[in-house]
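Nothing in this text is a laboratory measurement; each read-out follows from the coordinates by a stated rule. None of the values given here were measured: they were computed from a predicted structure. Every residue, glycine as well, gets a Cβ built from its backbone with ideal geometry; the counts of neighbours run over all protein chains shown.
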Amino acid sequence: MPGVKIVTDSSCDLPDELVESHRIAVVPLTVRFGEEEFVDRVDLDASEFWKRCAAADVLPETSAPSPGAFEEVYRDALADGYDSVVAVMLSGDLSATIQAAEAAARSVTDDIAVHVVDSKTVTMGLGNLVLRAARLAEGGATAEEVADRARSDARRTRAFAALDTLENLRKGGRIGAARSMLGSLLSIKPIIEVKDGSVVEAGKQRTRARALKLLAEKVREHSPVESLAVMHADCPDVDRFVATLNEVYDDEIVVGEIGAVIGAHAGPGTMGITFLVSE
């Protein structure tokens, strides 16, 4: 049994097959549509979430897991024979999730060592860090080595997204430094970047085609890059976009569907990329 258990939260948007094959523990956030509450990725997968959004009159709300939910996962890791945990979390500037993970780590400190890492990013930016951490742990690295690499990878991570609208971000209060983009946004496709854990403006384009082209240009601009991944919010043109990226990146591109946690703020039609820049 490997010594290091990798834990993350449900905002990582990693495909289920990767979560399962690398034995990654995912602690879910909760999603509320009015009076109805769902456990993310358990009661409500990404496709079901977007169907509900299309039929809902108000934006869904999300809430962080409790410290108890993390403690249960940490203790399960101990029971399964792991001697340590590395928990890589959604940006602490955008969610209280990491605070719950840290509180739970303190509560089990006499039983199992838990290293909590702030990814400073979201969706597949987080998913990339988690996947790289899991592969490193599988190779026999110690918890300290895995956590240190995850923090280094977090500093090298870039994440960009083209939104169909800023309305979800504005209503959800997550718009941060991108607030200046509000105003005359008719026919404008905003480009955002998650930088140092927060959402900032990264450009504007008049059409979706131009917005996606700009994302591809970000890959060229930062090349050579590592671990390029795509995240999308119920986008029928995702395969075409990945094919475009294959022209500038010749390695595997992992594709994750944006689920409830980030989707509630980003909105439908969001397409994004994330990658690591060279050291």
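Per-structure values
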| item | result |
| --- | --- |
| The stretch 180-279 - Debye-derived log10 I(q)/I(0), Cα point model, q = 0.12, 0.13, 0.21, 0.22 Å⁻¹ | -0.39, -0.46, -1.25, -1.37 |
| Orientation-averaged projected area, Cα convex hull of the stretch 4-154 (nm²) | 8.7 |
| Simple spin-label estimate for residue 207 and residue 250 in nanometres, 7 Å along Cα-Cβ | 3.1 |
| Antiparallel DSSP beta bridges within the stretch 1-107, as percent of all bridges there, nearest 5 | 45 |
| Contact order relative to length of the chain, as percent, for alpha carbon pairs under 8 angstrom and 6 or more apart | 22 |
| Segment residue 78-residue 17, length gained on full extension (0.36 nm per residue, minus Cα span) | 19.6 nm |
| Residue-span extension gain [residue 151 to residue 66] - 0.36 nm each, minus C-alpha spacing | 28.2 nm |
| Only Lys, Arg (+1) and Asp, Glu (-1) charged, at Cβ; the chain dipole about Cα centre in debye | 1380 |
| For the chain, convex hull volume per residue from C-alpha positions, Å³ | 119 |
| Ranked 227, 47, 10, criterion: other C-beta atoms within 10 Å, fewest first | 47, 227, 10 |
| Listed residues 61, 144, 252, most fluctuating in the chain (Gaussian network, C-alpha, under 10 Å) | 252 |
| Bridge type composition, the chain - antiparallel percent by DSSP, nearest 5 | 60 |
